Amino acid sequence: MRRYAKLLMAGSTLSGVFGLSSALAQSATDTAETSGGSLSVLTGVDPLVAGAAGAIGLAVAAVVWALRVSAATRHQSLHWSDTLAEMEARLEKADSVLSAHPGLVLVWEDDTDSLSAGWGEPKILGGPAALASLLSFSKEGEDAKTLPVDRLLNALGALPLQDDDAEKPEPLRDKIANLRAHGVAFSGNVVTADGRSIEIDGRVAGGQVALWITDPAVRMAEDGAVIGAFRERAVDLHGAHALLERSPTPAWRRNADLQLVWVNRAYADVVEAPNAADVIKQQIELDNSIRKLAASAASERKASEGRAVINSRGERRVFRIVETPLHGSGDAALGGVAIDVTELDKAKSDLKQQIEANQRTLDQIQTAVAIFGASQNLIYYNRAFQELWSLDDAELSGRVYHGEVLDHLRMKGRLPEPSDYDKWKEQQLALYTEGLAEPGAERLGGAPDDIWRLPDGRTIRVGRMRHPLGGVMLAFEDITEKISLEAQFNTQIKVQKATLNNLAEGVAVFAGDGKLRLYNKAFQKLWRLDARHLDAEPHIDTILDGLKKLARDADTSFDALRRSIVSKAHEDRQTYEFREIRLADGRTIAIGAEPLPDGATLAHFIDVTDSKEREKELKERNAILENADRLKSKFVDHVSYQLRTPLSTIIGFSEMLDGQMFGVLNDRQKDYIASILSASYHLRDLITDIIDLAAIDAGQLDVSFKQTDIRKLLESAATFAALKAEDTQVALKVDCPKDIGEAELDEKRIKQVLFNLLANAFAYTGPGGAVTIGAKRVGKAVKIWVSDTGRGLSPTDQARAFDAFESRGPSAGAGLGLALVERFVKLHNGWVRMDSKEGEGAVVTCFLPEPVAGNEAAASGDIPGNEEKSEAAAKKKPARKRAKPRSTGEAPARPQAAE
């Protein structure tokens, strides 16, 4: 600019000089013309005078012209001086503005020769901070004599210029050469080795070339205090764009028409698009409602938020959508992000479900719960609270306060009656205001539990604590029954302790850790231990060490006892059966252990010295009795078989005489023969019963099961006993349903049972009485009974009724009938029961369950003597089949019937 000003001043000076010369020439010409017109007048003038006058005139004219020219020159000089000063001021202002630019401006005034001289000598404009910042990109190894601008351009010239219009980036050096040589403008940025982006712009300005180099970091550093500090630490615009591109949060940008113009990779992944370009091309929205949200943000010119539920890759995802006006132009009208709040939404849903579940749980518990808010209003109560205080829904609806609830319950007589109710109420409400935490701190704390004794006799325990969200939570528990149970429990503990101390058996309870927790006096005395040592709760090992010194060869038993106490293994935590150990003083101690439900173990010890002596005596006596019983059975068996042979002879000859085979008998002879036959038959039946009883006792009698009609069986037995009933004037009745069906049993043995029961009933029933034989089904079993209205039996007689050879009363037999009944029924896996009262008759019931496979005998054998039964005996009882020996022994008799 200054060069232009100097050129203008030089031109002005030359113009002044040329103007002055022209003026002088013009003046001389004009003088000549004037003098030519008056030549004729002056011809007479002296030439010397005329020459002098002309010279004088010429001098005057020259002076006048010089004065005029000088004045014009001074005026022009002043004008150009002012113009130059003004241009210099403007030039300084332009330099100041360019110096404030956060970058460098290089200006070339190139000619053809300077293009081949490298970077030339450009004029440098811009701030020193920008120059210092840009020089940091120059190579450190360059010559120190190289100009700073050359070092900078050498460092940046090899970098490719990122130009949006160019398909292939060219080095910056080539771009600058084309700009200087051909005036080809360009604009773009180069990226340094450390990732910083430098903006480069090349332009032609008149006959000059300007190169603008801008470092965004310097520009941001000079923007201001807070914003400058932030931008100094942030990446450049392109770095931020790259960061947003790699962000896992979907982001996008819209133009003024709300069309998507840019999306990041996360956006494309959410909508399951192959790439971002495909999303832009197809205008794929995350959700249709987001476009409406963007329209709202654009119209209101403020950020709009919403919520969208999107199904992405088979998963339900919830996003918080934010659309924000960017206050830009072109394609930067709106920007949006989608924040994934799926986990937060799920957490809120879970929290809501948890709160509802807790409320449902509170509704199910027996403890009454009420929650009052920070303003003391009731915000929650469970069903137990409503039932405890007998409050209906209307009384708890609306905005009910804590104090109002207390007043209402007091008016109904459901609260304690303190001497000063107002003070008591103030204490109940004190938790809302007293001892609160600092603002912002967690609201915790509570009050000690209070016991309310209500006028109706109930005892309520009240728990109060601050609610974390503000307010107070109250819990009311009716402990009336608990207090009563505690009193009963304490009483039982005292009774139990007294009971244990009065036991002859030593008892000790050991905890799971093996320490003694409880013992009685018998334990202490039995092992002769010190009470103070036991009160110290010693370990089982310490106790056993002392016990082993008193016993002989008892280490195995004590070790087993120890395992059952301290071991956690299931096989050791079993009932420890009694084991006998001999002490050095001659005593015999039986020890055992029983695991308790709480993990403890009960060890019990008893002195069985006397018992062992008694047991030894009893075994010896039992051996003697068993031997006597065997001798008795053998004698009875032998005598029975020895009696049958002569008895058969007596019966045979008596029947011949009764049949008058050897002549006619008179009436007296007939009576004698009938008496002989009757006595013989009775004796034979008695011997047969003894043989059956002996066979059963020896396990040599079996039953043969087959399907038998129950009603026909009872009718057959009733028909056989009808004559006996008629002779004794006793009514006989059959009580059995016709559709009772069949049962699998031994018909022969059950008939014997029925015959014996009927004979027993007739024997105990006088004339005019009644005997009933009946049957019915009970599940899969058959119940058969015979009842009578006779004199009945006393409890003492009932206890021995099923014992063999036991009989009571004047009409009693040999005592074998009911014994055989019980044994025959037991062979059917059944049982017999008698119900009788003296003077009210008796009922004998036989229960016959369904036979189990395998009950029928597998072996065969004969019972001697049964083949010799006569035909007459067969009319009374069915013929005996060949018996099969059994390997089972006699089952114990049930002393519930009598004969």
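Readers should treat all values here as calculations from the given coordinates under stated rules, not as data from a laboratory. Bear in mind the structure is a predicted one, so any value in this text is a computation, not a measurement. Don't worry about glycine lacking a Cβ; one is built from the backbone with ideal geometry, like all the others, and counts go over all protein chains shown.
The H on the amide N of N264, modeled in the peptide plane, is under 5 Å from the matching H of A251, each at least 5 residues off or on a different chain. The packing ranking, built from the mean of other Cβ atoms within 10 Å per residue, places the peptides 64-71, 817-824, 193-200 in the order 817-824, 193-200, 64-71, highest first.
Fewest neighbouring Cβ atoms within 10 Å first, the residues L469, L159, L754, L429 line up as L469, L429, L159, L754.
Please work out the FRET efficiency for the pair K123 and L243, using the Cβ-Cβ distance as r and a Förster radius of 56 Å; give the result to the nearest 0.05.
0.90
Checking the cross-link pairs K751/K783; K494/K515; K712/K776; K482/K515; K751/K776 against a 19 Å limit on the alpha carbon distance flags K494/K515; K482/K515 as lying beyond it.
Between the amide H of E744 and those of T708, distances stay under 5 Å, these residues lying 5 or more places away or on another chain, with hydrogens modeled in the peptide plane. Length gained on full extension, E343 to Y672: 107.0 nm, using 0.36 nm per residue less the C-alpha separation.
Cα centroids of the range 507-561 and the range 274-300: how far apart, whole angstrom? What the calculation gives is 85 Å, centre to centre.
Any number yet on Rg/Rh for the range 365-478, C-alpha, Kirkwood?
Rg/Rh: 0.95.
Take 725-731, 351-357 and order them by the average number of nearby Cβ atoms within 10 Å per residue, most first; the result is 725-731, 351-357.
Along its first, second and third principal axes, ordered by size, the range 484-610 spans 51, 33, 27 Å in Cα coordinates.
Highest mean packing first, where packing is the average number of other Cβ atoms within 10 Å per residue, the peptides 840-850, 573-583 line up as 840-850, 573-583.
Length available on full extension from D82 to T588: 0.36 nm per residue minus the Cα-Cα distance, which gives 167.9 nm. Size descriptor for the range 162-204, Kirkwood hydrodynamic radius: 10.9 Å (Cα pairs only, one decimal). Considering only Cα atoms, the convex hull volume of the range 752-791 works out to 61 Å³ per residue. Normalising the Debye intensity of the range 247-347 to I(0), with uniform scatterers on Cα atoms only, and taking log10 at q = 0.19, 0.24 Å⁻¹ returns -0.88, -1.33. Quarter the surface of the alpha carbon convex hull of the range 585-624 and you get the mean projected area, 4.0 square nanometres.
What distance in nm lies between label points placed 7 Å from Cα along the C-beta direction at A628 and R316? Each label point is offset 7 Å from its Cα along the Cβ direction, giving 9.0 nm.
Let's test the formula: R0 of 41 Å, r as the Cβ-Cβ distance of E744 and A799. What FRET efficiency results, to the nearest 0.05?
My answer for the efficiency is 0.80.
Backbone phi angles across the range 611-620, fed through the Karplus curve with coefficients 6.51, -1.76 and 1.60 (θ = phi - 60°), yield HN-Hα couplings of 4, 5, 5, 5, 4, 5, 5, 5, 4, 5 Hz in residue order; Gly and Pro are listed as x.
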